[in-house]
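Trainee: Here it is, the structure, as structure tokens.
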Amino acid sequence: MNKLLLLLFLLSVLALPAKAQTSQWDKLELSFTSEKQYQNPLYELNEFYAIFTSPTGRTKKINGFWDGEKDFKVRFAPDELGTWTYQTHSTDKGLAQQKGTFECVPSTSSLTLYQKGAIKRSKGDYHLSYSDGTPFFFTACTAWNGALKSTKDEWEQYLSHRAENNYNVIQFVTTQWRGGSQDQYGEVAYTGSGKIDINTEFFKRLDEKVDRINAHGLVAAPVLLWALPVGPGRELSPGYTLPDAEAILLAKYMVARYGGNHIIWFLGGDGQYTDVFEQRWKTIGRGVFGDMEHPGVVAQHPRGSSWIGELYKDEHWLDIVGYQSSHNNQQGVVDWINKGPMANQWDKLPARPLINLEPNYEEINFKITAEDVRNASYWSIFATPVAGITYGANGIWPWIQEDNHLVENHGNPGGKGPTPWYKSIDFPGSMQIGYLSAFIQQYEWWRLKPVPELLMEQPGDKIFNHFIPVVGNDSYSILLAYTPVQQEIKIRNPKSLNYTAQWFDPVNNQYLKAELKAGDGWVASTPPTAQDYVLVLEVVGD
């Protein structure tokens with residue numbers, strides 16, 4: 001009898017449904033079926049969201065999204081180990097009051113994203129961090145059309161290459177836009193303007209591309225609303241054509257859809273967010289991100305040489321002050337990076353990461369070289385507290401797949417297209433930005449801020465592209481100075497610190513010994529060869 005009772009008990013336990021499990025920082029997807037079939041749920045369904053309650057009682061409100069027919073989903077990445085509960089809320093009876101539990105268990109992934117957690121911005125910081133507080137040096141590659149145009153094999157090749165070469169963010173566009181009127185299947189993300197219809201099949205394909213970004217340990221940085229208000233093809237870009245309400249609906253749909261991924265949102269792409277467009281973009285930003293705690297951090301990607309730092313200083317939804325220095329090596333652009341609003345205003349604004357999200361594209365107009373890419377990148381990261389940089393190549397961002405293919409709605413000098421993406425990823429500048437990222441991360445880079453007062457002579461005041469930026473920590477125990485050419489760097493040493501010196505070669509990714517001269521309150525050194533270098537000064541025994 002006892003054996004029979006034990007057997008019945010075991011069978012009853014086995015018959016119970018197993019508690020769902022998901023790994024910490026991994027995407028949980030919950031599926032639901034609506035009571036009715038909607039023609040356009042963006043407008044017809046007033047609300048659908050879930051409240052998640054953590055093991056310690058914290059709650060998170062996560063919006064759900066429509067996935068075609070009567071299918072709805074909620075995606076969420078739990079940040080706390082233990083048993084979570086959830087309950088849905090909706091005006092649709094089939095979607096409302098759905099309850100459940102799941103167990104959040106430690107991740108078995110060796111990838112840093114899944115060990116240290118989602119990217120965040122802490123108040124008072126000029127840099128991003130993982131959720132455990134580890135600083136995150138933003139190193140992005142620009143693949144605007146990559147997720148739209150690539151095959152699965154191409155996307156895997158590209159992502160593997162970027163991850164292996166010290167990149168950690170992929171910037172891409174999520175809808176049709178002036179540089180990509182449709183995806184590889186000839187479809188668009190939405191139709192309409194005054195009123196829009198979502199193409200869920202388009203987004204299902206995009207889901208796979210976004211998931212693969214994270215699977216390689218990279219953070220996805222989707223542009224939600226491309227917005228350049230000038231030039232051919234601007235009518236394709238949702239940030240330019242859609243009314244405020246529709247732009248907000250479309251962006252909120254994508255935030256709900258991709259909020260379970262490791263994400264840095266680019267609300268707008270290449271837009272004018274100042275002057276007559278200022279209130280529009282503040283309204284959109286508040287409408288998408290201002291009404292609730294949202295996953296991911298938020299950036300704006302402005303058009304060339306446009307500065308939003310002062311105008312958006314009180315927009316609490318904005319986490320990253322992005323800027324675009326544009327695509328030439330002439331004095332106007334160089335001076336704007338080194339002597340412009342970023343360099344002059346960063347310490348007068350609320351602390352946020354300031355990042356050049358679009359410096360020179362390598363090979364653009366068949367003029368920009370790897371040297372130009374390095375110059376713009378090192379100048380940019382040293383113009384403000386160190387936070388990160390983006391790389392771009394003129395054959396990667398449009399996803400040029402074959403020789404002689406042209407860029408859509410963009411100038412193609414001489415009727416010639418840029419180098420295909422799979423060759424461009426091996427460009428010298430592409431590799432050297434990876435070197436930059438690895439170099440910077442050897443130091444406590446998050447403590448480095450501009451210290452131009454330590455430079456005794458600024459050659460950039462006489463020859464604009466000889467500018468030397470200097471960054472250091474508060475104690476001056478580490479200083480980094482970048483010179484674009486072979487010229488002496490002379491640094492004030494008011495504390496008479498005992499420095500060791502070496503040169504970092506950003507071309508060949510190697511260190512060389514530096515001969516350091518010293519005088520009364522100063523030290524100086526000259527690079528060994530005729531190229532750009534970074535002088536590294538460290539206090540002995542620090």
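Trainee: Can you name every one of the strands (runs of 3 or more DSSP E) wholly within the stretch 435-542 that holds 2 or more residues which are touching a Ser or Thr at 6+ places or on another chain (Cβ under 7 Å)?
Mentor: Values: elements: 470-472, 478-483, 489-492, 499-505, 510-513, 517-519, 522-525, 533-539.
It comes to 533-539.
Trainee: Here's something else I'd like to know. Any residue at all in the stretch 351-372 that's farther than 25 Å from L228 by Cβ and either among the acidic types (D, E) or buried (at least 23 other Cβ atoms within 10 Å of the Cβ) (or both)? Please lay out each step first, then the result.
Mentor: Residues of the stretch 351-372 farther than 25 Å from L228 by Cβ: 351, 369-371.
With either among the acidic types (D, E) or buried (at least 23 other Cβ atoms within 10 Å of the Cβ) (or both) added as a condition, the list becomes 371.
There is at least one residue in the stretch 351-372 that is farther than 25 Å from L228 by Cβ and either among the acidic types (D, E) or buried (at least 23 other Cβ atoms within 10 Å of the Cβ) (or both).
Trainee: Continuing with the same structure: Taking the condition part of a strand (DSSP E or B) and not hydroxyl-bearing (S, T, Y), does G268 pass? If you could, list the steps in order and put the result at the bottom.
Mentor: Working: part of a strand (DSSP E or B): yes; not hydroxyl-bearing (S, T, Y): yes.
Judged against the criteria, G268 is a match.
Trainee: Taking Q115 as meeting all but one of (1) assigned by TED's automatic domain parsing to the domain that holds P428; (2) over 15 Å from the mean Cα position of the chain (by Cα); (3) over 20 Å from V386 (Cα atoms), write down the number of the exception.
Mentor: Here Q115 clears every test but (1).
Matching residues to (1) in a helix (DSSP H, G or I); (2) over 21 Å from the mean Cα position of the chain (by Cα); (3) over 24 Å from D153 (Cα atoms); (4) among the small types (G, A, S):
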| position | (1), (2), (3), (4) |
| --- | --- |
| V188 | no, yes, no, no |
| S193 | no, yes, yes, yes |
| F202 | yes, yes, no, no |
| L206 | yes, no, no, no |
| R212 | yes, no, no, no |
| A220 | no, no, no, yes |
| L224 | no, no, yes, no |
| P229 | no, yes, yes, no |
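Trainee: Working only within the stretch 191-206, note down all residues that are of a type in the set (D, E, K, R) and either in contact with a strand residue (DSSP E or B) (Cβ under 7 Å, 6 or more places away or on another chain) or buried (at least 20 other Cβ atoms within 10 Å of the Cβ) (or both).
Mentor: Step one: of the stretch 191-206, the residues of a type in the set (D, E, K, R) are 195, 197, 201, 204-205.
Residue satisfying the conditions is D197 alone.
Trainee: Pick from the stretch 427-453 the residues that are aliphatic (A, V, I, L, M) and in contact with a Pro (Cβ under 8 Å, 6 or more places away or on another chain): which of them is farthest from W397 (Cα to Cα)?
Mentor: To start, the set of residues in the stretch 427-453 that are aliphatic (A, V, I, L, M) comprises 431, 433, 436, 438, 440, 448, 451.
Filter again for in contact with a Pro (Cβ under 8 Å, 6 or more places away or on another chain), leaving 436, 448.
Values: L436: 20, L448: 31 Å.
That would be L448.
Trainee: Since E154 meets every condition but one in (1) acidic (D, E); (2) over 27 Å from V297 (Cβ atoms); (3) more than 22 Å from the chain's Cα centre (by Cα), which condition does it not meet?
Mentor: So the condition that E154 fails would be (3).
Trainee: Moving to a separate point now. Considering only residues that are of a type in the set (F, W, Y) and touching a Phe, Trp or Tyr at 6+ places or on another chain (Cβ under 8 Å), which ones fall in the stretch 20-47? Lay out the reasoning, then the answer.
Mentor: From the stretch 20-47, those of a type in the set (F, W, Y) are 25, 32, 38, 43; that's our starting set.
Hits for the stretch 20-47 are W25, F32, Y38.
Trainee: Here's something else I'd like to know. With farther than 21 Å from R205 by Cβ, out of contact with any Phe, Trp or Tyr (no Cβ under 8 Å at 6 or more places or on another chain) and without any contact (Cβ under 8 Å) to a residue 40 or more places away in the chain as the only criterion, which of T151, T134 stands out? So that I can check it myself, show each step before the final result.
Mentor: Details: T151 fails: farther than 21 Å from R205 by Cβ.
Result: T134 is the single residue among T151, T134 that is farther than 21 Å from R205 by Cβ, out of contact with any Phe, Trp or Tyr (no Cβ under 8 Å at 6 or more places or on another chain) and without any contact (Cβ under 8 Å) to a residue 40 or more places away in the chain.
The values are calculated or read from the model by the stated rules, or taken from the named source; none is laboratory data. Predicted model, so just to flag it, every value in this text is computed and none were measured. Neighbour counts run over all protein chains shown; Cβ positions are idealised from the backbone, glycine included.
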